[in-house]
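The values are calculated or read from the model by the stated rules, or taken from the named source; none is laboratory data. All values reported here derive from a predicted model rather than from experimental measurement. We place every Cβ from the backbone using ideal geometry, glycine too, and count neighbours over all the protein chains shown.
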Amino acid sequence: MPIKLTELKKELKSYDQKELISLISELYKLNPEVKNYLSAKFQGEEAVEVLFEEARKKIKNVFFPDRGFGKLSLTTAKKAISDFKRQTGDEDKTADLMIYYVELGTEFTAMYGDIDGAFYSSMASTFAQAVEIIDTSHERVASYEDRFQSILEEAAQVGWGYPDVLNEIYSDMEFRPEDE
């Protein structure tokens, strides 16, 4: 049975600085997620950018790997996004990864044909989550406008009501540039 957080805090208070450094160093070596989290925490934007690029590569490989065909493991792509968010806390870059996921997914289905309802639900829900993060100011929305339009244009070639759902999400944004 794992130790409860309150018990852990009590134990950690009894450690001196050297013991805490040793414990954190062991965790760093043991767990890649802890390593990434601590890198982002202490190295700042430089580490966040490296993690961002790694996440983009993982997402791209789901749809369009350098060799062969995409495995279309949406779970892998969404895990890359959630891992990045958890490790860095960078909301802007997380939204960017979400939009990238939808861009590639939309391109994939336009290129290879219809997939299934679960695929389109995943794309639409991720698009909605990204829009919720982005839709906080005219400037922020404007910075994504070209990407939004590209997604909507490519989605128009797809069935399953997918373009309708994306257009509805887009049209419900509060800070669309043409509203200025």
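Among Lys13, Lys57, Lys71, which is assigned by TED's automatic domain parsing to the domain that holds Thr106, basic (Lys, Arg) and either farther than 30 Å from Ala118 by Cα or touching a Pro at 6+ places or on another chain (Cβ under 9 Å) (or both)? I'd like the intermediate steps shown before the answer.
Numbers: Lys13 fails: assigned by TED's automatic domain parsing to the domain that holds Thr106; Lys57 fails: either farther than 30 Å from Ala118 by Cα or touching a Pro at 6+ places or on another chain (Cβ under 9 Å) (or both).
So the residue among Lys13, Lys57, Lys71 that is assigned by TED's automatic domain parsing to the domain that holds Thr106, basic (Lys, Arg) and either farther than 30 Å from Ala118 by Cα or touching a Pro at 6+ places or on another chain (Cβ under 9 Å) (or both) is Lys71.
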#### Entry: Pairs where the first residue, in the range 33-44, is surrounded by 17 or more Cβ atoms within 10 Å (Cβ to Cβ) and the second is aliphatic (A, V, I, L, M) and outside any helix (DSSP H, G or I), C-beta under 7 Å, 6+ apart
none
### Summary
Among the residues of the range 18-46, the number that are modelled with pLDDT under 80, small (Gly, Ala, Ser) and over 21 Å from the mean Cα position of the chain (by Cα) is 0
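If you take the residues in the range 106-119 that are over 17 Å from the mean Cα position of the chain (by Cα) and of a type in the set (Ser, Thr, Tyr), which one is surrounded by the fewest Cβ atoms within 10 Å (Cβ to Cβ)? Talk me through it step by step, then tell me what you get.
To start, the set of residues in the range 106-119 that are over 17 Å from the mean Cα position of the chain (by Cα) comprises 107-118.
Next cut, of a type in the set (Ser, Thr, Tyr) only: 109, 112.
Details: Thr109: 23, Tyr112: 12.
Result: Tyr112.
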### Query
If you check every pair at least six apart or on different chains, which have Cβ atoms under 7 Å apart with a residue in the range 132-144 that is without any contact (Cβ under 8 Å) to a residue 60 or more places away in the chain first and a residue that is among the charged types (D, E, K, R) second?
Ile133/Glu91; Ile134/Arg140; Asp135/Glu174; His138/Glu180; Val141/Asp135; Val141/Arg176
### The lone exception for Tyr28 - which of (1) surrounded by fewer than 17 Cβ atoms within 10 Å (Cβ to Cβ); (2) closer than 17 Å to Ser122 by Cβ; (3) among the aromatic types (Phe, Trp, Tyr) it fails
(2)
### Query
If Arg67 satisfies every condition in (1) over 21 Å from Pro163 (Cβ atoms); (2) surrounded by 15 or more Cβ atoms within 10 Å (Cβ to Cβ); (3) more than 11 Å from the chain's Cα centre (by Cα) but one, which is the exception?
(2)
### Message
Which numbered condition in (1) exposed (fewer than 13 other Cβ atoms within 10 Å of the Cβ); (2) within 30 Å of Gln149 (Cα to Cα); (3) in contact (Cβ under 8 Å) with a residue 12 or more places away in the chain is the only one that Phe52 fails?
### Response
(1)
